[in-house]
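Nothing in this text is a laboratory measurement; each read-out follows from the coordinates by a stated rule. Predicted, not measured: the structure shown is a model, and the values here were computed from it. A quick note on method: Cβ atoms are made from the backbone with ideal geometry, for glycine too, and the neighbour counts reach across all protein chains shown.
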Amino acid sequence: MTKLKSIIGDNYFQGYAYSYPHKSSYRPFENPLPLKDVWAQENKAQLFLYVHIPFCEMRCGFCNLFTIANPKASHESPFIQSLERQIIATKTALGKANFNRLAIGGGTPTFLSLPDLERLFYLMNTVMEADTIAIPSSVEMSPKTASAEKLALLKEKGTTRASIGVQSFLLEETKALGRPQKTVEVQQALQVIKDSGIPEMNIDLIYGMAGQTLQSWQYSLEQSVAFQPEEIFLYPLYVRPLTGLGSKEKAWNDHRLNLYRFGRDFLLSKGYEQVTMRIFRNTKAAQMPTPPYNSPEDGMVGLGVGARSYTKTLHYSSEYAVGRKGVKNIIHDYNEKTSQDFQKVLYGTRLSLEEQKRRYVIKSILEGSYLDFKGYHNFFGTAALDDLPELNELYDLNLATKEEPKLQLNQAGLELSDVIGPWLYSERVNAMMQDFELV
Ligand SMILES: C[S@@+](CC[C@H](N)C(=O)[O-])C[C@H]1O[C@@H](n2cnc3c(N)ncnc32)[C@H](O)[C@@H]1O
Ligand code: SF4
């Protein structure tokens, strides 16, 4: 195992480990797997339901998510019909299943028309039997699509969290990101969310774009805090292949680390607490009682093209692309799928016991607040520090507090999250990711 110390260097932004194994390590399975068999042995008592809507009103220069901008009507309406076939096939394969969380993400779910959104909730409630009024649910949106009518519908259907991508409150900065956006429209959208009565609002901001200074960063942070959102996500800019920004070779003054520290200290001083490197939560926000769901242990059912699904030993999804042509082809294939096609799993990755353990640790310390040694032991029957002794280096380098029974990154560790994540990937996953040919 490579020593963490040897790879830290000056670059604190080596990769965002938002799920493990990364989808670029997925491959076609040798033989199609029946969906029913994939879920047969799983505990379905407390699952996460995720719906991916792969449409947006524009393709932002920084974004490598699975989505298509300005799709023709010929994409959208077959998509909803295909989604319905997938929902029915999935429910048939799962049988009795209990969903304790719902997230609708993308892309931009609020790009869908009101009737399509309404249909989506109808299918969730009646076919999937996910009670959207009773469970916590989160919906992603962009300022342009966050209309009062759509927010009212989401509230009526039980949405508890509205997450909006703002990125910056300055036109010059959103231009530099390849997402020109009028600040007054952003402010109107934030007010619409506030007025909707949806209990939680999250604002996404990006730091590190060309031309941004500590002063302009402070301006966006102040504007965000003025709306008192329950959560603020601070994303360091990553310029990725096949994106608008990635195709332009530009000299870039990378001062993300300074901006990160400034943003963190600013939010801490305004009554926010840090949950992960990116997540800041308003300490005044009420904690709502929620049904149990434990992210490293419980499974996820993904619906819609681009969504992933997680069982204990198998992760699967549709294929992945970023370029417009690649995304278009995958959406086209999805729209052509029959009910029988949806009963087969074609693409994904199997998780060996070692990968399951790595995933548990990565999710716990980077996406959650800490690794619970007891929970890990109950789940695997072994001790985390015996399975992954390299974790001791986090203590040796003073990046984590040794407070039995948990391992938690401290401030120095949190700012190195994007180094620690990739460091914990297995050699196999690293090799598969490097081999992946992105289209
Ligand atoms: C699904 S979008 C949010 C909702 C909506 N589509 C929008 O853009 O307003 C997810 C978030 O990921 C962040 N993000 C995506 N790609 C990024 C990148 N390359 N660098 C930094 N942040 C990124 C952005 O802050 C974005 O708001
Ligand atoms: S950042 Fe949001 S609106 Fe922009 S392309 Fe990505 S998903 Fe779509």
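The table for this structure:
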item: Cα pair count fraction exceeding 37 Å, expressed as % - the chain; result: 21
item: Unpaired by the 4.7 Å Cβ criterion, cysteines found in the chain; result: CYS56
item: For peptides 109-121, 397-409, sequence by mean Cβ density within 10 Å, most packed first; result: 109-121, 397-409
item: Largest-first ellipsoid semi-axes for region 24-282, taking √(5λ) over the Cα gyration tensor eigenvalues, angstrom; result: 33, 22, 19
item: Relative packing of peptides 91-98, 49-56 - highest average C-beta neighbours within 10 Å first; result: 49-56, 91-98
item: Extension gain, ALA152 back to GLN191 (0.36 nm per residue minus Cα-Cα distance, nm); result: 12.7 nm
item: Estimated FRET transfer efficiency when R0 is 56 angstrom, pair ASN378-LEU214 (beta carbons, to 0.05); result: 0.80
item: Prolate/oblate/rounded call for region 188-340, Cα gyration tensor, a/c under 1.5 rounded; result: oblate
item: Value of Rg to Rh for region 352-435 (Rh from inverse mean 1/r over Cα pairs, i.e. Kirkwood); result: 0.95
item: Mean separation of Cα contacts under 8 Å (6+ apart) over length of the chain, as relative contact order %; result: 24
item: Cβ-derived FRET efficiency at R0 25 Å, ASP265 paired with LEU171, nearest 0.05; result: 0.45
item: Ratio Rg/Rh [Cα only; Rh per Kirkwood] for region 76-229; result: 1.04
item: Over region 143-262: Rg over Rh, Cα atoms, Kirkwood Rh; result: 1.00
item: Inter-probe distance in nm under a simple model that places probes 7 Å from Cα toward Cβ, at LYS325 and ARG428; result: 3.4
item: Gain on full stretching of the segment that runs from THR283 to LEU346 - 0.36 nm per residue minus C-alpha separation; result: 18.3 nm
item: Förster-model FRET efficiency, 35 Å R0, VAL184 and ARG27, C-beta, rounded to 0.05; result: 0.15
item: Peptides 61-72, 266-277, 380-391 ordered by average Cβ neighbours within 10 Å, highest first; result: 61-72, 266-277, 380-391
item: Under 22 Å from LYS344, Cα to Cα: lysines that are on another chain or at least 8 residues apart; result: LYS23, LYS36, LYS44, LYS91, LYS96, LYS312, LYS328
item: Counting DSSP beta bridges with both ends in region 24-282, the antiparallel % (nearest 5); result: 20
item: Gain upon complete extension [ASN253, MET1; 0.36 nm per residue less C-alpha separation]; result: 87.5 nm
